[in-house]
Amino acid sequence: MKGTYDRKEEIRQSKRVSAGAVICAIVFPLVISLILVIRVAALQSQVEEVDGAVVAVQTEDEQENGIYTTVSVEMSTRSENGISWPDEKEQSDQVWDKKIYLTFDDGPSRNTNRILDILKEYDVKATFFVVGKTDEESIKAYQRIVSEGHTLAMHSYSHKYAEVYESEESFIQDLEELQEYLYQITGVWSRYYRFPGGSSNAVSRVDIQELIQYLDESDITYFDWNIASGDAVSDILSAETITRNCVSGIDNRPESMILMHDALEKSTTVEALPQIIEQIQGRGDAVFLPITDETVPIQHVMADK
Ligand code: ZN
């Protein structure tokens, strides 16, 4: 009898062991795959933005090497002569040494309202280079950007590099779709553009000069940036690092065009925004401006003329 009991117990145990092995063999890889799938999706959404960031870093280097001195010389001359722009006069009689343009790409997003709240709190006007979104929340966000005095600027409808830059026709189609859509929902005919990835992006299949010529003929001005917040590089960049990236480059130039992102996963950008504004306002020599016709554009690639 005892022998039979042991045998049964043995069988039970071996069943338990093999059940455990089966569970491990099936469940464990499943969980790992699930984690990887989620991670891949998150990384894919970062890839495009990293392109833009690489361009930004290169451009910073190029600027230091003096490639764009023509622009800076022109700007510093105007600044030294104390010429003030009309929109600036409206804000104050003071002539500011430094003009700061906060620019937010890729919105609207779930963060747009938080960004707008902060800008309102500090009475700062900025520029939003938006993409095309048709949900209710996004429509309200475009309208709020306009009604609170910020500049509504364009950053392509689809923001899909492969589509936007496939041909000159696809570029034009994408841009016109966004321009007309924004006009339809806000009444603003936007004439400011930022190329996805910047004008010096390495992904366009079309000669960027052809696109620049098209923009010129369409009375649209394109703007790149001369300070990158770095928030395109990683989702986990700390608010402190973003703040330092934004604030540290201001000393070197009369006009700072700061690249930031309005995207769901860029929450540290929102966290950094109050510090960025406070530190810049604390200098006492700088004014925040939205992009207008008076703004001297920062352009990585100049038109061939
Ligand atoms: Zn973008």
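The values are calculated or read from the model by the stated rules, or taken from the named source; none is laboratory data. Bear in mind the structure is a predicted one, so any value in this text is a computation, not a measurement. In this analysis, Cβ positions are derived from the backbone assuming ideal geometry, glycine residues included, and neighbour counts consider all displayed protein chains. Protein only, heavy atoms only, side chains kept; ligands, DNA and RNA dropped before computing areas. Shrake-Rupley method; radii C 1.70, N 1.55, O 1.52, S 1.80 Å.
Observations on the model:
- Protection proxy ranking for 264-276, 133-145, using the average of other Cβ atoms within 10 Å per residue and placing the highest first: 264-276, 133-145.
- Taking a ≥ b ≥ c as the square roots of the eigenvalues of the alpha carbon gyration tensor, the stretch 178-274 is prolate, as a/c is not under 1.5 and a/b beats b/c.
- Largest-first ordering by accessible area, 1.4 Å probe, given options VAL95, VAL124: VAL95, VAL124
- Principal axis dimensions, largest first and in whole angstrom, of the stretch 80-288 by Cα: 47, 39, 33
- In this structure, the pairs whose alpha-carbon distance is over 23 Å, taken from LYS99/LYS133; LYS125/LYS266; LYS140/LYS266; LYS120/LYS140; LYS120/LYS266, are LYS99/LYS133.
- Remark: spin-label model distance ASP219-ASP117 equals 3.8 nm, labels positioned 7 Å along the Cα→Cβ axis.
- Per-residue ³J(HN,Hα) for the stretch 200-214, Karplus 6.51 cos²θ - 1.76 cosθ + 1.60, θ = phi - 60°, Hz, x for Gly and Pro: 9, 4, 9, 9, 5, 7, 9, 4, 4, 4, 5, 6, 4, 5, 4
- Sites GLU166 and GLU10, calculated FRET efficiency, Cβ-Cβ separation with R0 51 Å, nearest 0.05: 0.15
- The H on the amide N of GLU255, modeled in the peptide plane, is under 5 Å from the matching H of LYS99, each at least 5 residues off or on a different chain.
- The packing ranking, built from the mean of other Cβ atoms within 10 Å per residue, places the peptides 166-175, 238-247 in the order 238-247, 166-175, highest first.
- Full-stretch length increase - GLU271, GLU210 - with 0.36 nm per residue and alpha-carbon distance subtracted: 18.1 nm
- For the stretch 184-269, the dipole from Cβ point charges (+1 on Lys and Arg, -1 on Asp and Glu) about the Cα centre works out to 120 debye, to the nearest 20.
- In order along the stretch 284-289, phi translates into HN-Hα couplings of x, 10, 10, 10, 8, 10 Hz, rounded to whole numbers, per the Karplus curve 6.51 cos²θ - 1.76 cosθ + 1.60 with θ = phi - 60° and x for Gly and Pro.
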